[in-house]
Amino acid sequence: MLNVRREIPNELQERVRRELEPGESVRWMEQPIPKFFTPMSIGAFLFAIPWTAFAVFWICGASGFKRPDFSGGGFAFFPLFGLPFVLIGFGMLLSPLWFYRKAFRTVYVVTNRRAITFDPGWTTTIRSYAPAQLGNVYRKEKRNGTGSVILGQRVWTDSDSNQRQSMDVGFMNIRDPQRVERMLKELVAQATPSGR
């Protein structure tokens with residue numbers, strides 16, 4: 001169900017506690033709503049369909065559309081060169097599952113001093129946003145009231161095409177983005193010296 005709140009796992013709560021500085025307190029903490037198909041996973045999934053189909057077809061063609069006979073040696077192992085491509089294809093086909101599982105290890109936090117994202121992968125990336133970095137916060141909201149609070153963008157240059165790529169970063173796919181955006185703007189206002 002979409003609006004069922006999950007209890008944040010103890011290990012994530014402990015990770016947040018270790019990140020806090022003396023005198024810093026949590027005002028809001030939540031995990032993203034898990035979804036199988038995200039914008040990032042859908043592209044890989046769609047690309048994986050023809051990739052995997054071609055790799056399987058190549059293996060079948062290389063083996064003469066029959067079971068390879070390894071007793072003769074030599075060319076019998078040639079069809080196996082396509083196996084890594086099939087495995088890569090299966091990995092891409094499973095990308096929606098990886099993104100779904102990633103949501104269960106992601107946590108977003110607003111404290112009395114900053115915003116923090118804990119983004120899992122091979123290692124956990126912890127991004128901290130001071131009030132001075134939160135001046136251009138905005139939200140993307142869906143009809144059902146869920147959405148994302150965008151804290152900034154991650155920009156990189158694609159090594160293949162040498163073109164700049166960007167991706168929104170922040171509190172993605174949360175339950176009450178309007179409330180969270182308001183909290184962040186209050187944090188900015190509290191940190192701004194009066195008279196400015």
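Counting only residues that are under 17 Å from the mean Cα position of the chain (by Cα) and either outside any loop (DSSP other than H, G, I, E, B) or modelled with pLDDT of 95 or more (or both), the stretch 104-146 holds 12 of them. Somewhere in the stretch 174-182, is a residue at pLDDT below 90, in the same structural domain as residue 115 (by TED's automatic domain parsing) and more than 19 Å from residue 134 (Cβ to Cβ)? No - not one qualifying residue is present in the stretch 174-182. When the stretch 104-155 is limited to residues that are over 24 Å from residue 9 (Cα atoms) and polar (S, T, N, Q), the one that is surrounded by the most Cβ atoms within 10 Å (Cβ to Cβ) turns out to be 133.
The values are calculated or read from the model by the stated rules, or taken from the named source; none is laboratory data. Predicted model only: the values in this text are computed from it and were never measured. FYI the Cβ positions are ideal-geometry reconstructions off the backbone, even for glycines, and counts take in every protein chain you see.
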